[in-house]
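**Q** The following block contains the structure, expressed as structure tokens.
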Amino acid sequence: MEHKQLLETILQMARGMDASDVHISERGPVIFRVNGRLEEAGVQIEEPKELIFSMMNDQQKQCFDSLRDADFVYQDAQANRYRVNVYKEGMLFSAAIRVINNRIRSMDELQLPQVFKDLCELKNGLVLVTGPTGSGKSTTLAAMVDYINQTRNVHILTIEDPVEYVYTSKNSLIHQREIGQDVKNFDIAIRSALREDPDVILVGEMRDWETIQAVMTLAETGHLVFSTLHTTGAVRTIDRIIDSFPAEKQEQIRIQLSGVLRAVISQHLVPLQLGGRTAAYEIMVMTNAIRNLVREKKNHMIYSNIQMGTTTGMQTMESHLQRLVTSGAITAETAKEYMIEE
């Protein structure tokens with residue numbers, strides 16, 4: 001079977017099994033991730049390297065030759081989209097392929113709490129969605145951005161590496177810029193964002209302290225900014241942001257962060273007893289009390305404020321997991337596994 005045809009077959013199998021990821025490697029069999037678990041796909045590939053390279057255009061191949069790593073979006077014959085990372089390990093070629101849903105699920109469909117909609121009404125500030133890889137951050141953010149797209153008359157600008165969900169302008173105007181294709185890097189994209197008249201900005205990921213500082217500046221200058229971090233829990237997220245800066249900058253950043261941060265949503269995808277997964281959330285909304293704690297280096301006291309902040313839409317991961325246990329959706333053992341230790 002020709003490489004492209006075999007690749008299409010594998011990707012359609014993955015979608016049919018509702019897999020979130022596909023792993024293709026010279027080292028072993030094709031692996032699907034289904035509901036968080038790894039399963040052999042039962043597909044034989046004689047030339048995995050050639051199959052992997054069949055996904056890449058000349059520019060992506062040149063990038064891989066230069067960096068030994070490439071990130072891009074692949075579109076199959078049915079116009080389905082996939083986020084791909086091609087890498088080498090032990091001189092062998094591998095690809096991790098994230099399956100992207102074509103349809104953006106709504107906030108109501110995802111059963112997101114009302115506070116998520118409230119955050120979408122903000123005029124400025126920084127809203128972070130955090131969690132480990134594969135925890136559904138992109139799905140949550142896409143639902144929030146599309147809610148703004150439907151309900152507000154604003155200019156939405158996304159800066160992504162690569163672009164995952166593709167939006168259609170509705171009540172809002174949307175422009176999506178892809179790193180490497182539309183603009184050279186995050187730094188240039190964020191700097192030029194200020195000249196592109198946005199009201200709402202999505203920065204796909206805050207990867208280093210320079211990007212974090214630029215994102216906070218965007219939020220300070222009157223924009224509503226959404227971004228992600230690979231952290232678990234609001235307290236750890238705040239610590240991670242501050243600790244990522246050189247020591248001489250941390251005091252300034254602590255004060256700046258206390259002023260621009262509006263909320264931290266931390267999430268996990270948790271296995272259900274009857275199969276499938278559901279999202280569990282910790283939600284911290286930036287109140288004056290929490291803002292003062294951040295400014296005064298009392299981050300360890302934030303968790304108790306989240307526990308007491310239910311009237312403002314806050315909840316701990318522990319409380320959400322406990323509700324899922326009480327309803328019979330998940331087991332107590334699963335809840336313990338996904339608890340955030342503050």
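**Q** Can you find a residue in region 282-300 that is within 21 Å of Thr231 (Cβ to Cβ), part of a helix (DSSP H, G or I) and out of contact with any helix residue (DSSP H, G or I) (no Cβ under 6 Å at 6 or more places or on another chain)?
**A** Scanning region 282-300 turns up at least one residue that is within 21 Å of Thr231 (Cβ to Cβ), part of a helix (DSSP H, G or I) and out of contact with any helix residue (DSSP H, G or I) (no Cβ under 6 Å at 6 or more places or on another chain).
**Q** Same structure again: Report yes if Glu40 is touching a Phe, Trp or Tyr at 6+ places or on another chain (Cβ under 9 Å) and open to solvent by 70 Å² or more (accessible area, probe 1.4 Å), otherwise no.
**A** Criteria met by Glu40.
**Q** Here's a follow-up. Would you tally the residues in region 74-87 being surrounded by fewer than 18 Cβ atoms within 10 Å (Cβ to Cβ), under 24 Å from the mean Cα position of the chain (by Cα) and not hydroxyl-bearing (Ser, Thr, Tyr)? Reasoning before the result, please.
**A** Step one: of region 74-87, the residues surrounded by fewer than 18 Cβ atoms within 10 Å (Cβ to Cβ) are 75-80, 85, 87.
From what's left, under 24 Å from the mean Cα position of the chain (by Cα): 75-76, 79-80, 85, 87.
In the following step, the residues that additionally are not hydroxyl-bearing (Ser, Thr, Tyr) were identified as 75-76, 79-80, 85.
Looking only at that region, the number is 5.
**Q** Can you run down the residue pairs with Cβ atoms below 9 Å, 6 or more apart or on separate chains, where the first is in region 7-22 and buried (at least 16 other Cβ atoms within 10 Å of the Cβ) and the partner is of a type in the set (Gly, Ala, Ser) and outside any loop (DSSP other than H, G, I, E, B)?
**A** Short answer, once both residue conditions are applied: Ser20/Ala14; Asp21/Ala14; Asp21/Ala96; Val22/Ala14; Val22/Ala95; Val22/Ala96.
**Q** Also, I was wondering about something else. Taking the residues in region 258-304 that are small (Gly, Ala, Ser) and under 30 Å from Arg37 (Cβ atoms) as candidates, determine which candidate is most open to solvent (accessible area, probe 1.4 Å).
**A** If we take residues in region 258-304 being small (Gly, Ala, Ser) and under 30 Å from Arg37 (Cβ atoms), then Gly275 is most open to solvent (accessible area, probe 1.4 Å).
**Q** May I pose another question? If you go through region 64-71 one residue at a time, do you hit one that is within 30 Å of His268 (Cα to Cα) and either surrounded by 14 or more Cβ atoms within 10 Å (Cβ to Cβ) or not charged (D, E, K, R) (or both)?
**A** Yes: one or more hits.
**Q** Among (1) without any contact (Cβ under 8 Å) to a residue 60 or more places away in the chain; (2) buried (at least 17 other Cβ atoms within 10 Å of the Cβ); (3) assigned to a helix (DSSP H, G or I), there is one condition Gln150 misses while meeting the rest; what is its number?
**A** Answer for Gln150: the failing condition is (2).
**Q** If you don't mind, another one. Tell me which of these Ile330 doesn't satisfy, since it passes every other one: (1) of a type in the set (Val, Ile, Thr); (2) in a helix (DSSP H, G or I); (3) open to solvent by less than 40 Å² (accessible area, probe 1.4 Å).
**A** (2)
**Q** A follow-up question, please. Tell me which residues, restricted to region 88-102, are in contact (Cβ under 8 Å) with a residue 24 or more places away in the chain, assigned to a strand (DSSP E or B) and out of contact with any His (no Cβ under 9 Å at 6 or more places or on another chain).
**A** Glu89, Leu92, Phe93, Arg98, Val99, Ile100
**Q** Okay, moving on. Which of the residues that make up region 305-318 are open to solvent by 40 Å² or more (accessible area, probe 1.4 Å) and polar (S, T, N, Q)? Don't jump to the end; show me each part of the working.
**A** First, pick out the residues of region 305-318 that are open to solvent by 40 Å² or more (accessible area, probe 1.4 Å): 307-308, 310-312, 318.
Across region 305-318, the qualifying residues are Gln307, Thr310, Thr311, Thr312.
Every residue, every condition in (1) farther than 17 Å from Ile265 by Cβ; (2) of a type outside the set (A, V, I, L, M, F, W, C); (3) in contact (Cβ under 8 Å) with a residue 24 or more places away in the chain, yes or no:
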{"site": "Thr310", "(1), (2), (3)": "no, yes, no"}
{"site": "Met314", "(1), (2), (3)": "no, no, yes"}
{"site": "Leu321", "(1), (2), (3)": "no, no, yes"}
{"site": "Glu337", "(1), (2), (3)": "yes, yes, no"}
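**Q** Can you name every residue in region 114-135 that is modelled with pLDDT under 95 and surrounded by fewer than 21 Cβ atoms within 10 Å (Cβ to Cβ)?
**A** Pro132, Thr133, Gly134
**Q** Quick one: how many residues across region 23-36 are open to solvent by 30 Å² or more (accessible area, probe 1.4 Å) and among the hydrophobic types (A, V, I, L, M, F, W, C)?
**A** So the count comes out to 1.
The values are calculated or read from the model by the stated rules, or taken from the named source; none is laboratory data. Values in this document were obtained by computation on a predicted structure and should not be read as measured data. Quick reminder, even Gly has a Cβ in these numbers, built from the backbone with ideal geometry, and neighbours come from all protein chains shown. We work out accessible area using only protein heavy atoms, side chains counted, and drop any ligands, DNA or RNA first. Shrake-Rupley method; radii C 1.70, N 1.55, O 1.52, S 1.80 Å.
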